[in-house]
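Shown next, in structure tokens, is the structure this report addresses.
What follows is calculated from the coordinates using simple rules that are stated; it is not laboratory data. Since the model is a prediction, treat every value here as computed from it, not as a measurement. All Cβ positions, even for glycine, are placed from backbone atoms using ideal geometry, and neighbour counts span all protein chains on display.
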Amino acid sequence: MNTTINDVAKAAGVSISTVSRVLSDNPRISEDTKKRVRKAIKELKYHPNAIARSLANKATKTIGLILNTEAQTLIRNPFFIQAMTGISQYAQENGYNVMFAYNKNEDEDLNIAIRYITSRSVDGIILFTSRANDKCIEYLTKEHFLFSVIGRPDKTEGVLWVDNDNFQATYQVTDFLISKGHKKISFIGGPIGHNVSRDRFEGYKRAISVHGYTIDENITFLNGDFSEEFGYECLQKLIETCEFGEKFPTAIVTSDDMQALGVLSAMRKANISNIAVTGFNNTPVATCGNEVFVSVDVNAEKLGFYAAKLLLDKIEGEEDAPTHYIIPTDLVESKPFI
């Protein structure tokens, strides 16, 4: 039979409320009483109910994650698992649990945030993306509920966020391609409403213009998603609309490794092997094929780790804690580049 808080109170000769206050380390309880109650807890091998304690303390010791993706993508795209690993590591080290919910629709993301708050199931929330005019950020800010964001928000004042310099990273990878002799470079973007997609496209545009080239709308694909399917579709469209030769790109900058894998799959099907492809995230699946491949390592685990650190520092009342972190990126070549 499990030991209850009533058993502890009886053994220590105190009230149930006193035991509860000892569990929360209430400073009003004398040290002698605390020692007596703790001794009874140890002897009886009592394990406090986490939910009951959270209600008493008005804290759950839990943070909620809202992942802007569908179940299929969550399983297939290692970025989410890597970022969640970083979050879990920091949370566990600091005595916090993690729960998560996923959905690709922004309105449903907002509903998840509302449920988290109204159910009092979490002490804070981590958002896995930042959209233009983000409804979740607006709602959480209005409700004065603690949260952090993986991704730079439109308005950074008063918001905890962590991100890479996506503009610079895409500029760097595009510049790298140009330095290898590529003059006609295609671009495949992500969801147009996401700030990360906008920043990566702007970095690509800047590198193209700095070198005196112009953006070719026929080989530029925006408002897609971070999936293999979208990458595959874009390569198919290139084949349909461009003639092989001067009009066909010699390199493709994608905004995610999953897009890049779709491009590579379509290249294999069409027996194309002379196009350089770059991706983002440096996920393990990025090196599964035999094609030349370069990816920007965004250090997803660190993104998650520092998103959790920002949030928990705020929850725990840390003074003078940072409000944001910029995580460095690395350009990784899986094979000698074309």
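Figures for the structure shown
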| read-out | value |
| --- | --- |
| Value at 222 nm in deg cm²/dmol, rounded to 500, when DSSP H runs of n ≥ 4 in the chain each add -39,500 (n - 2.57) | -14000 deg cm²/dmol |
| Peptides 169-175, 75-81, 26-32 ordered by average Cβ neighbours within 10 Å, highest first | 169-175, 75-81, 26-32 |
| 10 Å binning of all Cα-Cα separations within the range 102-182, expressed as whole percents from 0 upward | 16, 42, 21, 13, 7, 1 |
| Sequence ranges 144-151, 103-110, ranked by mean other-Cβ count within 10 angstrom, highest first | 144-151, 103-110 |
| The range 125-238: equivalent-ellipsoid semi-axes (sqrt of 5 x gyration tensor eigenvalues, Cα, Å) | 31, 16, 10 |
| Ascending count of other beta-carbon atoms within 10 Å, so fewest first, for SER88, SER179 | SER179, SER88 |
| Sorted by Cβ density within 10 Å, fewest first, the residues GLU217, GLU333 | GLU217, GLU333 |
| Among the listed pairs LYS237/LYS302; LYS10/LYS45; LYS104/LYS184; LYS35/LYS309; LYS205/LYS247; LYS61/LYS302, those beyond 24 Å (Cα-Cα) | LYS237/LYS302; LYS104/LYS184; LYS35/LYS309 |
| Whether the range 166-297 is rounded, prolate or oblate, judged on the alpha carbon gyration tensor where a/c under 1.5 counts as rounded | rounded |
| Structure-derived Rg and Dmax of the Cα atoms in Å: which label, when the choices are (i) 21.2, 70; (ii) 25.2, 88; (iii) 20.7, 79 | (ii) |
| Peptides 306-319, 130-143, 247-260 ordered by average Cβ neighbours within 10 Å, highest first | 247-260, 306-319, 130-143 |
